[in-house]
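Working notes, beginning with the structure itself.
The values are calculated or read from the model by the stated rules, or taken from the named source; none is laboratory data. Keep in mind the model is a prediction, meaning the values are calculated, not measured. Cβ placement follows ideal geometry from the backbone for every residue including glycine, while neighbour counts extend to all protein chains displayed. To get the accessible areas, we keep the full protein, side chains included, count just its heavy atoms, and leave off ligands, DNA and RNA. Shrake-Rupley method; radii C 1.70, N 1.55, O 1.52, S 1.80 Å.
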Amino acid sequence: MSTTADPVKIAVLGCGTVGTEVVRLLLTQAEDLAARVGAGIELAGVYVRDTSVPRDPVVPVGALTSDADALVDGADVVVELMGGIEPARTLILRALNRGAAVVTANKALLAERGAELYEAADAAGADLYYEAAVAGAIPLVRPVRESLAGDTVTRILGIVNGTTNYVLDEMTSKGLSYDEVVAEAQRLGYAEADPTADVGGHDAAAKAAILASLAFHQRVGLDDVYCEGITAITPDDIQAATETGRVIKLLAVAERTDTGVSVRVHPTLVPVDHPLAGVRGAFNAVFVEAEAAGELMFYGQGAGGLPTASAVLGDIVSVARHQANGGKGPLESNYASHEVLPMDAALTRYAVRMSVPDRPGTLAAVASIFAAHGVGIESVRQMAGKGHAGLILSTHRAYEAALRATVEELRDTDAVKDVWSVLRIEGEL
Ligand code: NAP
């Protein structure tokens, strides 16, 4: 590895949206970066599949290479910005095994194969940094991993996917349907041609797994995260939320309870006066509750080439400082072993929206079904319709299993015509 006299050699793997902006910042800010690191920063090369494809002019043609192994083997710092599992995993392991530092933005790889990467980093005494993997430009991994290392994080509520926040926000503010907004988002480039990873909640689930692992000092993988997307949200759900003083957000929730940790992603009703309710458009925000610190809110751009590159560069400077001046970033902290709870054991509040026959005794019959399953009703809102009434019942905190059993019975009884939707509520006392 480098001495203080040697420049730190940086290999960039991938030259897409983020990789291009990382190269831009590395080259245009080289002097400042060198001053901050205490050694020169040298772009060793940029790995791409096809070196003949035209690239942004900021990327020197001579830096492009299709020989990833040689590039990795000659670098002090390997910056992985390809995405996906392979060949990113193999190249990162190759870099770590020879003691090079790794910076990556690859949430999917960390959530699925993180254990293997952390073990390789720890065995080699190499740095593994990934600030950009969760919520793009927002400093979040470092605050949770380092600044809150002396505190006990009890709960994280995060809007960590910009596409879904944009879709829900447009549905709320313009009264449009899910399909209309997604089509418009695709036209504007806010949503992928195949938006499944975003709207299905899978992107947020990977970030939830990473955040929960950091916050609770134990390994939480993608398989541990309950995941429900926003595809079933209707304009009626949005309108009912508005009428009850709430907005719908796709939240990543990671919380410690008396019995274990619960990690989940689902559309969630949030009261309009909660800080997360005011997060508009494609912005991200993460609300952290810690025993000593209390409530903390992190807000900013969760994606985009340049914002994400900012987080990547921050990591590059940190690991390059270690390369140049000695020192080492934190090891993986995984000493804890709380049970990762199944969704049935999640404890939260719910809003159940249903239509009931417009006749006396209906409300009592419905209430008795909730009571039979131990689910307390906190409030009832009635909306009149032709020959039926629309009801929104907000519950006290109850176990998911109890709520599910309640809804199954509601669907079976003739006291209820239809259960339209069930949404979880967070952020209300
Ligand atoms: P992208 O625009 O699709 O770029 C990916 C780059 O990696 C392309 O240059 C691509 O090569 C290259 N690549 C992919 N597979 C490869 C392979 N098998 N061999 C060689 N090169 C390969 O992706 P991105 O948006 O920059 O995202 C990069 C990473 O950052 C991902 O892990 C993503 O999750 C993460 N991230 C992105 C954002 C964002 O806003 N975009 C935000 C946070 C985190 P070609 O040029 O040949 O296609």
Of the residues in the range 115-127, how many are open to solvent by 10 Å² or more (accessible area, probe 1.4 Å) and either hydrophobic (A, V, I, L, M, F, W, C) or under 21 Å from the mean Cα position of the chain (by Cα) (or both)?
-> 6
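Which one is farthest from the ligand (Cβ to nearest atom), of the residues in the range 289-305 that are within 18 Å of Ala132 (Cα to Cα) and part of a strand (DSSP E or B)? Give the derivation first.
We begin by selecting, within the range 289-305, every residue within 18 Å of Ala132 (Cα to Cα); these are 297-305.
Filter again for part of a strand (DSSP E or B), leaving 297-301.
Details: Met297: 20, Phe298: 15, Tyr299: 16, Gly300: 12, Gln301: 9 Å.
Here the residue is Met297.
Listed here are the residues, each with its yes/no results for (1) of a type outside the set (Asp, Glu); (2) outside any strand (DSSP E or B).
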{"site": "Leu26", "(1), (2)": "yes, yes"}
{"site": "Ala35", "(1), (2)": "yes, yes"}
{"site": "Leu43", "(1), (2)": "yes, no"}
{"site": "Glu86", "(1), (2)": "no, yes"}
{"site": "Tyr118", "(1), (2)": "yes, yes"}
Those residues of the range 88-114 which are in a helix (DSSP H, G or I), crowded, with 24+ Cβ neighbours inside 10 Å, within 11 Å of the ligand (Cβ to nearest atom) and of a type outside the set (A, V, I, L, M) amount to Lys107
Answer with yes or no whether Val312 is touching a helix residue (DSSP H, G or I) at 6+ places or on another chain (Cβ under 6 Å), farther than 28 Å from Tyr129 by Cβ and either assigned to a strand (DSSP E or B) or not basic (Lys, Arg) (or both).
-> no
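Condition check ((1) under 21 Å from Arg321 (Cα atoms); (2) surrounded by fewer than 21 Cβ atoms within 10 Å (Cβ to Cβ); (3) more than 16 Å from the ligand (Cβ to nearest atom); (4) in the same structural domain as Gly314 (by TED's automatic domain parsing)) across all residues:
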site: Gly14; (1), (2), (3), (4): no, no, no, yes
site: Leu25; (1), (2), (3), (4): yes, yes, no, yes
site: Asp50; (1), (2), (3), (4): no, yes, no, yes
site: Val58; (1), (2), (3), (4): no, yes, no, yes
site: Asp76; (1), (2), (3), (4): yes, no, yes, yes
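Tally up the residues in the range 61-74 that are within 15 Å of the ligand (Cβ to nearest atom) and either within 30 Å of the chain's Cα centre (by Cα) or under 19 Å from Leu25 (Cα atoms) (or both), please. Spell out the reasoning first.
Filtering the range 61-74 down to residues within 15 Å of the ligand (Cβ to nearest atom) leaves 61, 63-72.
In the following step, the residues that additionally are either within 30 Å of the chain's Cα centre (by Cα) or under 19 Å from Leu25 (Cα atoms) (or both) were identified as 61, 63-64, 68, 72.
Qualifying residue count, the range 61-74: 5.
Considering only the range 152-161, I want to know if a residue exists there that is out of contact with any strand residue (DSSP E or B) (no Cβ under 9 Å at 6 or more places or on another chain), farther than 19 Å from Leu91 by Cβ and either in a helix (DSSP H, G or I) or polar (S, T, N, Q) (or both). Can you show your working first?
Residues of the range 152-161 that are out of contact with any strand residue (DSSP E or B) (no Cβ under 9 Å at 6 or more places or on another chain), as a first pass: none.
Checked the range 152-161: no residue is out of contact with any strand residue (DSSP E or B) (no Cβ under 9 Å at 6 or more places or on another chain), farther than 19 Å from Leu91 by Cβ and either in a helix (DSSP H, G or I) or polar (S, T, N, Q) (or both).
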Give the number of residues within the range 193-202 that are within 14 Å of the ligand (Cβ to nearest atom), in a helix (DSSP H, G or I) and surrounded by fewer than 24 Cβ atoms within 10 Å (Cβ to Cβ).
-> 2
State whether the residues of the range 27-38 include one that is open to solvent by less than 50 Å² (accessible area, probe 1.4 Å) and within 15 Å of the ligand (Cβ to nearest atom).
-> no
Given the conditions (1) part of a loop (DSSP other than H, G, I, E, B); (2) modelled with pLDDT under 95, and given that Arg187 satisfies all but one, which numbered condition is not satisfied?
-> (1)
Out of all the residues in the range 249-269, which are more than 12 Å from Gly158 (Cβ to Cβ) and crowded, with 24+ Cβ neighbours inside 10 Å?
-> Ser262, Leu269
Across the range 271-288, what is the number of residues that are in a strand (DSSP E or B), more than 16 Å from the ligand (Cβ to nearest atom) and within 15 Å of Leu250 (Cα to Cα)?
-> 2
How many residues does the range 215-238 hold that are closer than 22 Å to Leu140 by Cα, open to solvent by less than 20 Å² (accessible area, probe 1.4 Å) and of a type in the set (A, V, I, L, M)?
-> 3
Looking at (1) farther than 20 Å from Gly300 by Cα; (2) open to solvent by 30 Å² or more (accessible area, probe 1.4 Å), which is the only condition Tyr190 fails?
-> (1)
